[in-house]
Amino acid sequence: MTRTQTTVVVLVALVALVMGLTVFKTLNRSGQLNPAELLDAGIVLLPQSRPLPELTLIDVEGQPQAVTALTGRWTLMFFGYTFCPDICPTTLAELRQLNGLLGEEDRQRVQVVMVSVDPNRDTPQQLKQYLGFFDAGYRGLTGPLGDIQALSGRVGIPFIPGDESLPNYTVDHSGNLALLGPDGRQHGFIRAPLKVQKLAEALPALLASQP
């Protein structure tokens, strides 16, 4: 191969590379999901979405909230409690940080819902006050322990109830988030510990998609 032919081959390869990168970026901007990027950010999508149980819990205003009615926006569902010494304040603070990194349009597409794993102490008023320390827009749900266990089991984020006979008892629970779509079905998880910066980069394409 002559030097001229070699130069032409190299130029063609460079043009193809540039075009490929341009198409890749365009697809990402248009809402195409990048599985590798999602996994790197800790987002695990289910092969098939699954429905939530037909349960009604209580929101921070003391009003009934059917979990199947959490629709219209993507929901990051966290199972925690207001007396938690570590996982909960860390996770809620990270979610607040994530919210600050997202653009306004993306912020409108997602909501944070914390479901109490300690309904014995977490009254609606207690939940409202606690969540307000992190973000006034955070939603909270409480209710009968059995219903909360049924919900956490369905979305694959179980917990071990605390021993209420002990003073200052704690509850063993996960920092993982259940990822619910605007259709009110579970579409995946976000694994703990949260990778805030990577989530801010990967989430917009997911939020723009329609399940």
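The values are calculated or read from the model by the stated rules, or taken from the named source; none is laboratory data. These numbers were taken from a predicted model, which means no experiment stands behind them. Heads up, the Cβs are rebuilt from the backbone with ideal geometry, glycines too, and the neighbour counts pull from every protein chain shown.
Out of all the residues in the stretch 169-179, is one or more in a strand (DSSP E or B), surrounded by fewer than 18 Cβ atoms within 10 Å (Cβ to Cβ) and in contact (Cβ under 8 Å) with a residue 12 or more places away in the chain? If you could, list the steps in order and put the result at the bottom.
The initial filter retains those residues of the stretch 169-179 that are in a strand (DSSP E or B), namely 172, 177-179.
With surrounded by fewer than 18 Cβ atoms within 10 Å (Cβ to Cβ) added as a condition, the list becomes 172.
Still in the running and in contact (Cβ under 8 Å) with a residue 12 or more places away in the chain: 172.
Yes; the residues of the stretch 169-179 include at least one that is in a strand (DSSP E or B), surrounded by fewer than 18 Cβ atoms within 10 Å (Cβ to Cβ) and in contact (Cβ under 8 Å) with a residue 12 or more places away in the chain.
Inspect the stretch 135-158 for any residue being over 25 Å from A66 (Cα atoms), free of Cβ contacts under 8 Å to residues at least 24 places away in the same chain and surrounded by fewer than 21 Cβ atoms within 10 Å (Cβ to Cβ) and give the result as yes or no. I'd like the intermediate steps shown before the answer.
To start, the set of residues in the stretch 135-158 that are over 25 Å from A66 (Cα atoms) comprises none.
No: the stretch 135-158 contains no residue that is over 25 Å from A66 (Cα atoms), free of Cβ contacts under 8 Å to residues at least 24 places away in the same chain and surrounded by fewer than 21 Cβ atoms within 10 Å (Cβ to Cβ).
On the basis of being charged (D, E, K, R), farther than 15 Å from T142 by Cα and either surrounded by fewer than 17 Cβ atoms within 10 Å (Cβ to Cβ) or at pLDDT 95 or above (or both), does D86 make the cut? First the steps, then the outcome.
Numbers: charged (D, E, K, R): yes; farther than 15 Å from T142 by Cα: yes; either surrounded by fewer than 17 Cβ atoms within 10 Å (Cβ to Cβ) or at pLDDT 95 or above (or both): yes.
So D86 fits the description; yes.
Any idea how many residues of the stretch 180-211 are modelled with pLDDT under 95 and assigned to a loop (DSSP other than H, G, I, E, B)?
The total comes to 3.
Which residues, counting only those in the stretch 118-168, are aliphatic (A, V, I, L, M), outside any helix (DSSP H, G or I) and within 21 Å of T75 (Cβ to Cβ)? Even if it seems obvious, please write down each step before you answer.
As a first pass, look at the stretch 118-168 and keep what is aliphatic (A, V, I, L, M): 127, 131, 136, 141, 145, 148, 150-151, 155, 157, 160, 166.
Next, from what is left, pick out any that are outside any helix (DSSP H, G or I): 136, 141, 155, 157, 160, 166.
Of everything in the stretch 118-168, those that are aliphatic (A, V, I, L, M), outside any helix (DSSP H, G or I) and within 21 Å of T75 (Cβ to Cβ) turn out to be A136, L141, V155, I157.
Tell me, yes or no, whether the stretch 72-86 has at least one residue that is part of a helix (DSSP H, G or I) and within 16 Å of F133 (Cα to Cα). Steps first, please.
Filtering the stretch 72-86 for residues part of a helix (DSSP H, G or I) gives none.
No - not one qualifying residue is present in the stretch 72-86.
Name the residues in the stretch 33-65 that are farther than 18 Å from L194 by Cβ and in a strand (DSSP E or B), would you? Give the steps one after another, and end with the answer.
Residues of the stretch 33-65 that are farther than 18 Å from L194 by Cβ, as a first pass: 33-36, 46-65.
Selection gives L46, P47, Q48, S49, R50, T56, L57, I58, D59, P64, Q65.
Name the one entry in T91, T68 that is in contact (Cβ under 8 Å) with a residue 60 or more places away in the chain, touching a Phe, Trp or Tyr at 6+ places or on another chain (Cβ under 9 Å) and part of a helix (DSSP H, G or I).
Values: T68 fails: touching a Phe, Trp or Tyr at 6+ places or on another chain (Cβ under 9 Å).
Just a single option satisfies the conditions, and that option is T91.
Only one of A66, A136 is out of contact with any strand residue (DSSP E or B) (no Cβ under 7 Å at 6 or more places or on another chain) and among the small types (G, A, S). Can you tell me which?
Values: A66 fails: out of contact with any strand residue (DSSP E or B) (no Cβ under 7 Å at 6 or more places or on another chain).
Within the list A66, A136, the selection yields A136.
Among the residues of the stretch 160-194, which ones are touching a Phe, Trp or Tyr at 6+ places or on another chain (Cβ under 8 Å) and over 15 Å from T82 (Cα atoms)?
D163, N176, L177, A178, L179, L180, G181, P182
Does Q186 satisfy the condition of being assigned by TED's automatic domain parsing to the domain that holds Q65 and farther than 28 Å from S209 by Cβ?
When the stated conditions are applied, Q186 does not pass them.
Within the stretch 36-69, track down each residue that is closer than 21 Å to L98 by Cα, modelled with pLDDT of 95 or more and out of contact with any Asp or Glu (no Cβ under 8 Å at 6 or more places or on another chain).
Matches in the stretch 36-69: L38, L39, D40, G42, I43, V44, L45.
Please find, among Q97, Q32, the residue that is modelled with pLDDT of 65 or more, surrounded by 12 or more Cβ atoms within 10 Å (Cβ to Cβ) and within 17 Å of N176 (Cα to Cα). Spell out how you get there, then give the answer.
Values: Q32 fails: within 17 Å of N176 (Cα to Cα).
Result: Q97 is the single residue among Q97, Q32 that is modelled with pLDDT of 65 or more, surrounded by 12 or more Cβ atoms within 10 Å (Cβ to Cβ) and within 17 Å of N176 (Cα to Cα).
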